[in-house]
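Taken together, the values in this text are just the output of simple stated rules run on the coordinates, not laboratory data. Source: prediction; values computed, not measured. Counting neighbours? That spans all protein chains shown, and the Cβs are built from the backbone with ideal geometry, glycine included.
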Amino acid sequence: MIVDEFIENPKPISGFSNPENHWPDYLALLHLLLIKHGEKKHHMMGFPPEAAENIITLSDKLELKWRLVCGTYAFDYQKQSVSIPQIVLDVLFNAKNGKAGKELIIAKDEDTLDKLDGSVFSNSNTGKILEYSECCIRWFDKNQSTGWEEVYEFIIKNSSGDASTHVEELVEMMYKYYESYNVEDSKKRIQKIKVDHVAESRNTMPFIFFQPCDVCIGPSSPSRKLNEKYANFAKENYPELYKKIIDEAKKDAKAFE
Ligand SMILES: [Zn+2]
């Protein structure tokens, strides 16, 4: 009943929600159902606030537990090709490392949520909490780190000073231009990810939320298997929802091509 109602009248319940299609919303509902049936442990939800409110209402209807879990934030920078001076890295990451924060997490019971208290909300640990494939977590981190190096180079190239003079201003600019289309290298890299990984996986792996890595977009990969597990669960238990996720994901893919 709850599922049929939602299919009929979907609401934004995901950070990926958009007015063009309901793929993220149907998929978020499926992930809540996976939790309800003990097939997955947690779901997380960030902004926007409207979607967070909607997912709380839906979780209550499904008799799931939710909590704003307290933890700390951390960066997962892995050095790639460009040497960002340590003095810059210190200012860049200290703004976030160890900072306290709360994340909305949904689980089957209070015990599961208790275990997450004091979590580190780095990209990699968040990926682990959400049961993403390890190889894809590492690949995502690598991309993010490359982004920091691209934006550092871009700012150094386009400013007159050097890294040691105005570190605070430099870091502020790095945040401002991070993965923006002003940074030519980032633009090219992101465009490639959108086509080869995001659009591709919407068509081939529409039951997972994360971007599959280079290996996982290939055949019989860890992410393919995970997608299959979620797909089979949907097909067996919620065939209408299964169909909707596939159809809406195809629409979502078109937006990235
Ligand atoms: Zn992978």
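What to note about this one:
- Candidate set from region 200-211 (those that are assigned to a helix (DSSP H, G or I) and crowded, with 18+ Cβ neighbours inside 10 Å); member that is nearest to the ligand (Cβ to nearest atom): Ser201
- Qualifying positions in region 167-195 - surrounded by 13 or more Cβ atoms within 10 Å (Cβ to Cβ), among the hydroxyl-bearing types (Ser, Thr, Tyr) and part of a loop (DSSP other than H, G, I, E, B): Tyr178, Ser180
- Where a residue in region 219-234 is more than 15 Å from Trp139 (Cβ to Cβ) and its partner, wherever it lies, is of a type outside the set (D, E, K, R) and away from the ligand (no atom under 13 Å from the Cβ), with Cβ under 6 Å and at least six apart: Asn227/Phe207; Tyr230/Phe207; Ala231/Phe207; Ala234/Leu30; Ala234/Leu241; Ala234/Tyr242
- Helices (runs of 4 or more DSSP H) fully within region 1-103 counting 1 or more residues that are exposed (fewer than 13 other Cβ atoms within 10 Å of the Cβ): 2-8, 49-61, 86-94
- Failed item, numbered, when Asp214 is tested on (1) within 16 Å of the ligand (Cβ to nearest atom); (2) under 16 Å from the mean Cα position of the chain (by Cα): (2)
- Residue tally, condition hydrophobic (A, V, I, L, M, F, W, C), over 22 Å from Asn123 (Cα atoms) and within 17 Å of the chain's Cα centre (by Cα), over region 217-257: 3
- Across region 125-133, a minimum of one residue is classified as basic (Lys, Arg), out of contact with any Cys (no Cβ under 9 Å at 6 or more places or on another chain) and either in contact (Cβ under 8 Å) with a residue 40 or more places away in the chain or surrounded by fewer than 16 Cβ atoms within 10 Å (Cβ to Cβ) (or both).
- Check on Ala253, closer than 25 Å to Glu150 by Cβ, touching a helix residue (DSSP H, G or I) at 6+ places or on another chain (Cβ under 7 Å), away from the ligand (no atom under 16 Å from the Cβ) and not in a loop (DSSP other than H, G, I, E, B): no
- Once region 134-144 is narrowed to residues that are more than 7 Å from the ligand (Cβ to nearest atom) and more than 11 Å from the chain's Cα centre (by Cα), the residue that is surrounded by the fewest Cβ atoms within 10 Å (Cβ to Cβ) is Glu134.
- Top-ranked residue of region 104-124 - restricted to ones that are in contact with a strand residue (DSSP E or B) (Cβ under 8 Å, 6 or more places away or on another chain) and small (Gly, Ala, Ser), ranked as surrounded by the most Cβ atoms within 10 Å (Cβ to Cβ): Ala107
- Residue in region 217-249 that is surrounded by the most Cβ atoms within 10 Å (Cβ to Cβ), counting only those that are among the polar types (S, T, N, Q) and within 16 Å of the ligand (Cβ to nearest atom): Ser223
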